[in-house]
Amino acid sequence: MALINFAQRQIMTKIVYYGPGMSGKTSNLEYIYSKVPEAQRKKMVSVATELERTIFFDFFPMDVGTIAGLKVIFQLYTVPGQVYYSSTRRLVLDGADGIIFVADSQAFRLQANIESFRDLYENLASYKVDIRKIPIIIQYNKRDLDTALPVSELEEKLNYRYLPSFEATAHTGEGVFETLKAVTTRVLDNLRKEFDRK
């Protein structure tokens, strides 16, 4: 849920990168951060351990213009994908305005993708979020690997709601901004509709 700060003339929105462990969520944010002009970004925070790349979240606000005279800032987060961080995932997901589900395209990761997608829906349901209204985009990452399943098979197994989807290779940047643009466009559309109703 977007937070409006009239004193600072800002709307803070939250985009969450969700998916199984090591699917490329952090790689997406690192690539975006490296390409966003310094004037539009703040410090990126990353918490890691010896075993996993991301334990809690990566975050940075990105200025994208104004709506109704208020500056819109996107906060980008990732969730830890490992099964034992379920409660942390739920906390980071709270208040999300849009979600990018990062699926690992490799065949041996298909079940992990399915379980993570189910976990996403269960966590959204726990917050009474209508999954038909929140923008969710699927990114099929690691398309450069020989072990990647055909997109048609991934679509059949994961995308039964016919969500917008993109192919990507996050570490090179392919598909990263296309995915981000798709979710931010939908979040902005939702915000404009909300302001129009008021």
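The values are calculated or read from the model by the stated rules, or taken from the named source; none is laboratory data. Small disclaimer: the values here were computed from a predicted structure and weren't measured. All Cβ positions, even for glycine, are placed from backbone atoms using ideal geometry, and neighbour counts span all protein chains on display.
Output the residue which, of all residues in the stretch 160-198 that are among the aromatic types (Phe, Trp, Tyr) and not in a helix (DSSP H, G or I), is surrounded by the fewest Cβ atoms within 10 Å (Cβ to Cβ). So that I can check it myself, show each step before the final result.
Taking the stretch 160-198 as the starting set, the residues that turn out to be among the aromatic types (Phe, Trp, Tyr) are 160, 162, 166, 177, 195.
Keeping just the survivors that are not in a helix (DSSP H, G or I) gives 160, 162, 166.
Details: TYR160: 9, TYR162: 7, PHE166: 22.
The residue in question is TYR162.
Among the residues of the stretch 1-29, which ones are modelled with pLDDT of 90 or more and of a type in the set (D, E, K, R)?
Those that are modelled with pLDDT of 90 or more and of a type in the set (D, E, K, R): LYS14, LYS25.
Report whether or not ILE114 is buried (at least 22 other Cβ atoms within 10 Å of the Cβ) and either assigned to a strand (DSSP E or B) or modelled with pLDDT of 95 or more (or both).
no
Is there a residue in the stretch 146-159 that is closer than 27 Å to LEU191 by Cβ, in contact (Cβ under 8 Å) with a residue 12 or more places away in the chain and either hydroxyl-bearing (Ser, Thr, Tyr) or part of a loop (DSSP other than H, G, I, E, B) (or both)?
yes
Filter the stretch 10-39 for residues that are under 19 Å from ILE136 (Cα atoms), surrounded by fewer than 24 Cβ atoms within 10 Å (Cβ to Cβ) and among the hydrophobic types (A, V, I, L, M, F, W, C) and give the result.
MET12, ILE15, ILE32, listed by residue number.
Out of the residues in the stretch 69-85 that are under 20 Å from ILE32 (Cα atoms) and assigned to a loop (DSSP other than H, G, I, E, B), state the one that is modelled with the highest pLDDT.
Out of the qualifying residues, it is VAL79.
For the stretch 86-98, enumerate the residues that are surrounded by fewer than 19 Cβ atoms within 10 Å (Cβ to Cβ) and either under 14 Å from ALA170 (Cβ atoms) or modelled with pLDDT under 90 (or both).
SER86, SER87, THR88, ARG90, LEU91
For the stretch 89-102, give me each residue that is over 30 Å from VAL151 (Cβ atoms) and in a helix (DSSP H, G or I). Spell out how you get there, then give the answer.
Going through the stretch 89-102, the residues over 30 Å from VAL151 (Cβ atoms) turn out to be 91, 94-95.
Of everything in the stretch 89-102, just one residue is over 30 Å from VAL151 (Cβ atoms) and in a helix (DSSP H, G or I), namely LEU91.
Does ILE67 qualify as being in contact (Cβ under 8 Å) with a residue 24 or more places away in the chain and within 17 Å of the chain's Cα centre (by Cα)?
It is false that ILE67 is in contact (Cβ under 8 Å) with a residue 24 or more places away in the chain and within 17 Å of the chain's Cα centre (by Cα).
When the residues of the stretch 117-152 are filtered to those that are of a type in the set (A, V, I, L, M) and more than 19 Å from VAL16 (Cβ to Cβ), which remaining residue is surrounded by the fewest Cβ atoms within 10 Å (Cβ to Cβ)?
Ranking the candidates gives LEU145 first.
Just one of the numbered conditions (1) more than 20 Å from ILE11 (Cα to Cα); (2) modelled with pLDDT of 90 or more; (3) surrounded by fewer than 22 Cβ atoms within 10 Å (Cβ to Cβ) is not true of PHE101; which one?
(3)
Taking only the stretch 143-195 into account, find how many residues are among the aromatic types (Phe, Trp, Tyr) and at pLDDT 95 or above. Please lay out each step first, then the result.
Applying the first criterion (among the aromatic types (Phe, Trp, Tyr)) to the stretch 143-195 yields 160, 162, 166, 177, 195.
Within this subset, residues satisfying the condition of being at pLDDT 95 or above are 162, 166, 177.
Residues that pass the stated criteria total 3.
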